[in-house]
Each structure stands twice: as C-alpha cells, then as structure tokens.
Amino acid sequence: MTESFTAAEASDAAQVTCGERRAAALAAALSALVERIDAACAAAGRTPGSVRLLPVTKFFPASDIEILYHLGLREFGESREQEAAGKVAQLGHLSQIRWEFIGRLQRNKAKSVARWADGVYSVDSDRLVNALDAGARAALDDGSRTTPLRVLLQVSLDEDPSRGGARDAALRALADQVAASESLQLAGLMAIPPLDVDPDAAFEQLARIHAALTTVHPDAKELSAGMSSDLEAAIRHGSTCVRVGTALMGARPITSA
Ligand SMILES: *Cc1c(COP(=O)(O)O)cnc(C)c1O
C-alpha cells in the first residue's frame, strides 16, 4: 500500500512537520521569554504578571500568530497597516484575538486601523488624534467596534521628530484632547529609547514624564516600554507592557520599522 502514497501527500506530510517544528520553536522561545520577564520583575521587586507581554509579529505570517494564539497569547502588535489588515482578515476565526497598532501611522490609514485595532500605541500629533477620533466614531456608529479605541501617546525621548513621538512639552495638550473624545480612551504612554542612549537613563526620564501625566490623568496607567534588547531596564523603571519581536519570533527578514 505504500506505493499509493502520492507526491501531494508527501508534501502535505512535510508541511505538517515544518509547521510542528515552528510551533515547537515558538513554544520554547515563549517560555524562555516569560521566564526572562518574570526574572526582571523579581529583580525589580515587582509582582510577576504585573508586566504584559505584547508579542510583535510584523513581518511574520498569520500562521505564526495562530500558533501563539493556541499557546495562550491573545493580543498581537503590528506596525504596518496593510500587512496588519491582511492578517486581521485572515484570522477572524480566532474569536478572542486583539490587535494593537504600534507603528507610525499616516492619517489616511487611521480610519482603517480604527475598525480593527484595540489600541494605537504611536499617537503623537493633534492631527492624528483628530483622524483617529473620526475613525473610531465611524466604527462605533457602524458597529465594527463596540469600545472606545485605546490610545497611548508616543513620547520622543530625544526630541528628534523624524523618529516619531511627541515632545514632553506637547504631551499635556494631546492627553487632554484624547481624554475629551468619547470615541477614544487615554490609556497611557509609549516610547522607544534613542539608539545611542543608555536605556536606564531613557526609561527613568520616561517614568518621570509618565508620573507627571498620571497626576492629571490618573487612568492613563499604561507605560509601554521595553523591547527584546532592553526589557529588563524598562521593567526596572515601571513598564507595564513590553513589546517583544525578535526574542520571540526570531530575526526579521528586514529590520526597518
Ligand atoms: C518592531 C517593534 C518592536 C519589537 O522590537 P524587537 O527589538 O524586535 O523586540 C517594539 N516596538 C515597536 C514600536 C516596533 O516597531
């Protein structure tokens, strides 16, 4: 009977093996990462589980997200609108999945993102707030979303506008603008430290900016800081959400964005 094993079946079997190998690799990377986050919490005297892991899946296929979902993860960070919208459409059958948009966002994409994202982590201008407000209001009206869009304001820690993020001096007005919108919810702050700066110093500065914001907006509790290379420093300085790509997924095919 072995002769009836066709080339198509052989190729299916090979794919299953390949998929299983990827699932095993992701499971191992996830458990190592969770241990690393727990160890960083312990070293900082923080409760394990007080820091959320947001896996960053840009450049990786929907099949990887499906594997991570079955490993128990429910929210996923994406940074490129078109790629993300495609994955959202492909993975609609995963009933509890949530999407966070963490990359630079053009205003003309705000309407699309407001339909499918739970939150946007990279809001840094009044014009983008206006576009997201209109997009989220339309999505609430037509039923494509049922809750306000969570907004994290992105802070620039080096005041270099080309890298995204708002200056400290502009944050208060942006926060007030988001808080005044019924379609948006001011959730907190996000930052990416400049490459040439000691991450401890950058995250300490960010923590001070966050503390000042929460005296005025006490519900803006989220502080999304820390990636694969610097999550320990971010956790030392109060991060509530690390965004991790490489340490979980492996190296990206392209390293921009
Ligand atoms: C890609 C990306 C990450 C993840 O970076 P890694 O160094 O791969 O962990 C985190 N935050 C943002 C905004 C990103 O674009």
Would you check if there is a residue in region 145-164 being part of a helix (DSSP H, G or I) and of a type in the set (D, E, K, R)? yes
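Please find, among 39, 32, 44, the residue that is open to solvent by 30 Å² or more (accessible area, probe 1.4 Å), at pLDDT 95 or above and within 13 Å of residue 247 (Cα to Cα).
The unique qualifying residue is 32.
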State which residue is nearest to the ligand (Cβ to nearest atom) when the search covers only region 217-245 and only residues that are in contact (Cβ under 8 Å) with a residue 60 or more places away in the chain and among the basic types (Lys, Arg). 243
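Of everything in region 194-213 that's free of Cβ contacts under 8 Å to residues at least 24 places away in the same chain and part of a helix (DSSP H, G or I), which residue is most open to solvent (accessible area, probe 1.4 Å)? Before you say what the answer is, go through the steps one by one.
Filtering region 194-213 down to residues free of Cβ contacts under 8 Å to residues at least 24 places away in the same chain leaves 195-196, 198, 201, 208, 211-212.
Still in the running and part of a helix (DSSP H, G or I): 201, 208, 211-212.
Values: 201: 50, 208: 148, 211: 54, 212: 61 Å².
Among residues in region 194-213 that are free of Cβ contacts under 8 Å to residues at least 24 places away in the same chain and part of a helix (DSSP H, G or I), the one most open to solvent (accessible area, probe 1.4 Å) is 208.
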Among what's in region 25-50 and is among the charged types (D, E, K, R) and without any contact (Cβ under 8 Å) to a residue 24 or more places away in the chain, pick the residue that is farthest from residue 250 (Cα to Cα). 38
Hey, any hits in region 126-144 for a residue that's in a loop (DSSP other than H, G, I, E, B), at pLDDT 95 or above and either within 14 Å of the ligand (Cβ to nearest atom) or closer than 14 Å to residue 182 by Cα (or both)? no
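Looking at region 55-88 only, could you name the residues that are in a strand (DSSP E or B) and either over 15 Å from the mean Cα position of the chain (by Cα) or surrounded by fewer than 20 Cβ atoms within 10 Å (Cβ to Cβ) (or both)?
So in region 55-88, the residues in a strand (DSSP E or B) come out as 55-56, 75-78.
The answer is 75, and nothing else.
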Hits in region 178-191 (condition: over 12 Å from residue 120 (Cα atoms) and either open to solvent by 50 Å² or more (accessible area, probe 1.4 Å) or within 16 Å of the ligand (Cβ to nearest atom) (or both)): 179, 180, 182, 191
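Please find, within region 89-105, the residue that is farthest from residue 34 (Cα to Cα) out of those that are of a type outside the set (Asp, Glu) and open to solvent by less than 50 Å² (accessible area, probe 1.4 Å).
Kept after step one, since they are of a type outside the set (Asp, Glu), are these residues of region 89-105: 89-99, 101-105.
After this cut, where a residue has to be open to solvent by less than 50 Å² (accessible area, probe 1.4 Å) as well, the list is 91, 94, 97, 99, 101-103, 105.
Values: 91: 24, 94: 23, 97: 20, 99: 20, 101: 22, 102: 21, 103: 24, 105: 29 Å.
Going through the qualifying residues, I end up with 105.
Taking region 246-256 as the region of interest, how many residues are open to solvent by less than 50 Å² (accessible area, probe 1.4 Å) and more than 9 Å from the ligand (Cβ to nearest atom)? Spell out the reasoning first.
Restricting attention to region 246-256, the residues satisfying the condition of being open to solvent by less than 50 Å² (accessible area, probe 1.4 Å) are 247-250.
Of the ones still in play, those that are also more than 9 Å from the ligand (Cβ to nearest atom) are 250.
Adding up the residues that qualify gives 1.
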Residue that is nearest to residue 77 (Cα to Cα), among those in region 192-216 that are within 16 Å of the ligand (Cβ to nearest atom) and hydrophobic (A, V, I, L, M, F, W, C): 192
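For region 130-175, what are the residues that are acidic (Asp, Glu) and in contact (Cβ under 8 Å) with a residue 40 or more places away in the chain?
Initial filter on region 130-175 (acidic (Asp, Glu)): 133, 141-142, 158-160, 168.
133, 168, listed by residue number.
Step by step: first the residues of region 214-239, then only those that are part of a strand (DSSP E or B) and not aliphatic (A, V, I, L, M), then the one that is most open to solvent (accessible area, probe 1.4 Å). Which residue is that? Break it down stepwise before answering.
Filtering region 214-239 for residues part of a strand (DSSP E or B) gives 222-224.
Pick out the ones that are also not aliphatic (A, V, I, L, M) and you get 222, 224.
Working: 222: 25, 224: 0 Å².
Filtering first and then ranking leaves 222.
The values are calculated or read from the model by the stated rules, or taken from the named source; none is laboratory data. Note that the coordinates shown come from a computational prediction; the quantities given were computed from them, not determined experimentally. Cβ sites come from the backbone with ideal geometry, for glycine too, and all protein chains shown count toward neighbours. Heads up: the accessible areas ignore ligands, DNA and RNA and are worked out on the full protein's heavy atoms, side chains in. Shrake-Rupley method; radii C 1.70, N 1.55, O 1.52, S 1.80 Å.
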